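K.L.:
Here's a structure for you.
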There are 2 protein chains.
Amino acid sequence: MARVVVVVMLKPEILDPQGRAVQGALGRIGLGGVADVRQGKQFIIDLDGEVDDAVLAQLHDIAGSLLSNPVLENYELSVEFTDGDGA
Amino acid sequence: MARVVVVVMLKPEILDPQGRAVQGALGRIGLGGVADVRQGKQFIIDLDGEVDDAVLAQLHDIAGSLLSNPVLENYELSVEFTDGDGA
């Protein structure tokens, strides 16, 4: 078993209307001093077996194309845990 | 400055159709052995000043009501960094 987490966020230079809406709402309900809010997506992918270099390369391909839009978004991929024995 | 990250995921017992769709797509494009995919939201909140206990309590209130639906979703809140001097 292995768990891979992919976080997809809009690039910093892209306006984030959802984040802006949350920022406004936070101010209205009394949380002051909110400088910025960005909203993104998180994918938790559970895999049978281990994450070796080939699987990791494939996952990066997928994260950069299927899970994110490379024109607008950046992704961060992290392997939370992986079995070394391929169980 | 402080940065707070709130991750909102559907509770494990709630069916996640978006995650299920991604799981199907991963299989079709050749990534085998995908046991499960769950999709959630991530909020990155940048605050002026430091996160003290009062602000943290307020943030938990907000994460549990405004940012997530407590009937369907769980949230995880983490303070990524905070200035201790209230700058």
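Just so it is clear, none of the values below were taken in a lab; they were calculated from the coordinates. Predicted model, so just to flag it, every value in this text is computed and none were measured. Here Cβ is always computed from backbone atoms with ideal geometry, including for glycine, and neighbour counts include all displayed protein chains.
K.L.:
In segment B:2-38, what residues are in contact with a strand residue (DSSP E or B) (Cβ under 7 Å, 6 or more places away or on another chain) and in contact (Cβ under 8 Å) with a residue 24 or more places away in the chain?
P.N.:
Across segment B:2-38, the qualifying residues are B:A2, B:R3, B:V4, B:V5, B:V6, B:V7, B:V8, B:M9, B:L10, B:K11, B:R38.
K.L.:
Which of the strands (runs of 3 or more DSSP E) contained wholly in chain A include at least 2 residues that are within 24 Å of B:Q23 (Cβ to Cβ) and within 10 Å of another protein chain (Cβ to nearest Cβ)?
P.N.:
Counting at least 2 such residues, we get A:2-10, A:34-47.
K.L.:
Looking only at residues that are touching a residue at least 40 places away in the same chain (Cβ under 8 Å) and farther than 27 Å from A:V4 by Cα in segment B:39-54, which one is surrounded by the most Cβ atoms within 10 Å (Cβ to Cβ)?
P.N.:
B:L47
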